[in-house]
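Read the structure below first, then the notes.
Bear in mind that the values in this text are calculations on the coordinates, not laboratory data. Note that the structure is predicted; figures quoted are calculated from it, not measured.
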Amino acid sequence: MSSLSSLGGTTTPTGYATTGGATTPTGAASSSSTSSSASSSTLNQQQFLQLLTAQLQNQDPMDPVSATDFTTQLAELSTVSGIQQLETTLQQMLQLQQLNQGAGLIGQTVSYLPSSSSSTSTEGVVQAISVQNGQLQVQIGNQQVPIGQINGIVQS
């Protein structure tokens, strides 16, 4: 069970703050937050529901959380969940687009920089493509070249 702390005469679970009569998790994202990075401090749905349950169990009976506040918190959870799913889908689509782009290069003679520090272009035929660490790589001869180092396609 969570420990309780007293803030301004109101008993709240540790990790919660009471503002204007509403008990909310401290460190939780506000509705005005526009960024949703997937970091270790991000709450997942199960953790959010556990916090919400603890909030309801430990609310001040003389000043309970309003239905509007409760609905707002649930809507925020739904929004964050939807954004996370959208981000995952967009990442998958980007990887598929890169693979499609790379597949069009197979068999083509390209001009490329052999290394990121090189300033002299080299030409070679793209033999294969792969994704390494989320980055599209093309195989030219026995060398793996990031797609960003390709300068252009050479007409044969």
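So what's the gap between the Cα centers of the stretch 130-156 and the stretch 90-115, to the nearest angstrom? Centre-to-centre distance over Cα atoms comes out at 7 Å.
Using alpha carbon coordinates only, what is the Rg to Rh ratio of the stretch 39-156, with Rh defined as the Kirkwood radius? Each step should come with its number before you reach the end.
On the way: Rg = 25.1 Å, Rh = 18.5 Å.
Rg divided by Rh gives 1.36.
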